[in-house]
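Heads up: the structure comes next, in structure tokens.
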Amino acid sequence: MTKKLSRKKEIFLCAINNILSGTCAEDCKFCTQSVRYNADIERYKFKEISQIVEEAKIAKSNGALGYCLVTANKGLDDKKTDFVARAAQAVKAKVHDLNLIACNGTASKEQLSYLKKHGIDSYNHNLETSERYYADICSTHPWSERYETCENVKSAGLALCSGGIFGMGETHEDRESLLSSIASLSPESTPLNFYHPNPALPIKTANITFDEAVQIIQKARTLLGEGRLLMVAGGRELLFNGKEKEMFDAGANSMVIGNYLTTEGLLPHKDKSMLAKLGYEIATSCDTL
Ligand code: SF4
């Protein structure tokens, strides 16, 4: 009888590049990029494409398998769609074996198909919170638009990455509702963010404990099933620093490496040595999921 070789658990790393930062007129209460809250962040228009490519090379050398091109504002327009498409093409030409994700807000099927044609593999659009609670955290656009964009992603033939943020004052029922809405979309990848308070934002504190965060990961894994990416993204350093094993044991198999949109993460080499110490391998292909 042959003994089955046990494989080490692989962790999928994703890097984020904010290629247009911080000039959004919407009022999402969790977002430092809204101009309404005057958060102390760097704000800039279209980043140079050559810089985006160089940063993609660094992300790849840090072990990232996913590379996410993020733009501020509510959604895509022609100029932004063209910019993201050109950035994607340039990265694909110079850096191989990176899964390219675009995260550019609300988008039509046509805009998404255009991005796919130019090298984007996945689209990230989060539902953020439950449909019921959404009106409490954003008054300038409805939750239904978010859900609709996620459906557009699927009909454009892109892989869907959709998750949300926990700890913004929502109830336990809201959390259940958000998780089941996410699961109803069957996303290939789900980022779970845990709210990171910023003094400029209207939501002053995070109503989430470590135990609750672990339960959310467990529940998300149960609802989404195996063979999907479940990422702990924003807020990891606040809740799981030094307790990453619990996060992976609960069902997470992916995390962000490097900085977040407007918040610094841990240094990539620290994260890589944490993973090695815990006995995990860094995934080199999405095919091994
Ligand atoms: S639409 Fe996006 S960029 Fe604008 S405030 Fe909301 S989350 Fe931030």
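With a requirement of 2 or more residues that are at pLDDT below 95 and closer than 18 Å to residue 254 by Cβ, none of the strands (runs of 3 or more DSSP E) lying completely within region 115-203 satisfies it. If you go through region 226-243 and keep only what is over 20 Å from residue 10 (Cβ atoms) and among the aliphatic types (A, V, I, L, M), you end up with 238, 239. For region 187-222, what are the residues that are of a type in the set (Gly, Ala, Ser) and surrounded by 14 or more Cβ atoms within 10 Å (Cβ to Cβ)? Matches in region 187-222: 189, 206, 213, 220.
Within region 160-195, being within 24 Å of residue 40 (Cβ to Cβ) and in contact with a Leu (Cβ under 6 Å, 6 or more places away or on another chain) holds for one residue alone: 194.
Looking across region 19-73 at every residue that is within 16 Å of the ligand (Cβ to nearest atom), surrounded by 23 or more Cβ atoms within 10 Å (Cβ to Cβ) and closer than 19 Å to residue 257 by Cβ, the one that is farthest from the chain's Cα centre (by Cα) is identified as 19. Applying a threshold of 8 Å to beta carbon distances and a minimum spacing of six or more residues, or different chains, the list of pairs starting in region 38-56 at a residue that is under 10 Å from residue 87 (Cβ atoms) and ending at one that is in a loop (DSSP other than H, G, I, E, B) reads 53/95; 56/95; 56/98.
Criterion applied to 128, 145 was being crowded, with 21+ Cβ neighbours inside 10 Å and of a type in the set (Asp, Glu), and the one residue passing it is 128. Within region 18-36, residues that are touching a residue at least 40 places away in the same chain (Cβ under 8 Å) and under 21 Å from residue 142 (Cα atoms) reach partners that are more than 7 Å from the ligand (Cβ to nearest atom) and basic (Lys, Arg) with beta carbons closer than 7 Å, at six or more positions or on different chains, in the pairs 22/43; 23/43; 27/36. In region 94-105, the qualifying residues are those that are touching a residue at least 12 places away in the same chain (Cβ under 8 Å) and surrounded by fewer than 17 Cβ atoms within 10 Å (Cβ to Cβ), and the one that is farthest from residue 65 (Cα to Cα) is 94.
Quick grid of which residues meet (1) of a type in the set (Gly, Ala, Ser); (2) without any contact (Cβ under 8 Å) to a residue 24 or more places away in the chain:
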residue: 191; (1), (2): no, no
residue: 204; (1), (2): no, yes
residue: 236; (1), (2): no, no
residue: 242; (1), (2): yes, yes
residue: 272; (1), (2): no, no
residue: 277; (1), (2): no, yes
residue: 281; (1), (2): no, no
residue: 286; (1), (2): no, no
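Of 124, 99, all but one fail to be within 16 Å of the ligand (Cβ to nearest atom), closer than 17 Å to residue 15 by Cα and not β-branched (Val, Ile, Thr); the exception is 124.
Does region 74-87 hold any residues that are buried (at least 18 other Cβ atoms within 10 Å of the Cβ) and either more than 16 Å from the ligand (Cβ to nearest atom) or assigned to a helix (DSSP H, G or I) (or both), and which are they?
Correct list: 80, 81, 83, 84, 85, 87.
Within region 29-53, the set of residues being in contact with a Cys (Cβ under 8 Å, 6 or more places away or on another chain), assigned to a loop (DSSP other than H, G, I, E, B) and of a type outside the set (S, T, N, Q) comprises 29, 31.
The values are calculated or read from the model by the stated rules, or taken from the named source; none is laboratory data. Keep in mind it's a predicted model, so treat the numbers as computed, not measured. Cβ coordinates were reconstructed from backbone atoms using ideal geometry, including for glycine residues, and neighbour counts include every protein chain displayed.
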